[in-house]
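Just below is one structure, and these are the notes that go with it.
What follows draws every value from the coordinates through simple rules; no lab data is involved. A quick note: this is a predicted structure, and the numbers were derived from the prediction, not measured. FYI the Cβ positions are ideal-geometry reconstructions off the backbone, even for glycines, and counts take in every protein chain you see.
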Amino acid sequence: LADLFPRQILLAVVGLGLVVGYVMLLEPLGFILATIALNAALLLLFGVRSSLVLALFPVIVSLSVYVVFYKILIVPLPEGLFYF
């Protein structure tokens, strides 16, 4: 399988590594910072090079998910460095 799709296998392995790193950083950094870092890393991995997208998209998505889950649905999320 790796001979047929070497780049896709590499992307999958790197993506898995990013998710594992994300899980490890959730407690020390908190949900917001870790999710921003994960989103930015995944965008870079998939080839997004626009500075505007790399700066805004991870922040908007992370804060939106935070508001929906933590504030509206009252799901506890790791706070890390930020105590809201």
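Between helix 31-45 and the chain there is an angle of about 20 degrees, using the helix long axis and the longest principal axis of the Cα atoms. For segment 48-61, the Karplus equation 6.51 cos²θ - 1.76 cosθ + 1.60, evaluated at θ = phi - 60°, returns couplings of 6, 10, 6, 4, 5, 5, 5, 8, 8, 4, x, 5, 5, 5 Hz by residue, with Gly and Pro reported as x. Using bins 10 angstrom wide from zero, how does P(r) for the chain break down, in % of all Cα pairs? Pair shares across the bins are 17, 40, 29, 11, 2. Ordering of 54-67, 21-34 by packing is 21-34, 54-67, highest average first (other Cβ atoms within 10 Å, averaged per residue). Counting only DSSP H runs of at least 4 residues, each contributing -39500 (n - 2.57), and dividing by the residue count of the chain, the helix-based mean residue ellipticity at 222 nm comes to -22000 deg cm²/dmol. In this label model, Met24 and Phe57 are separated by 2.5 nm, measuring between points 7 Å along each Cα→Cβ vector.
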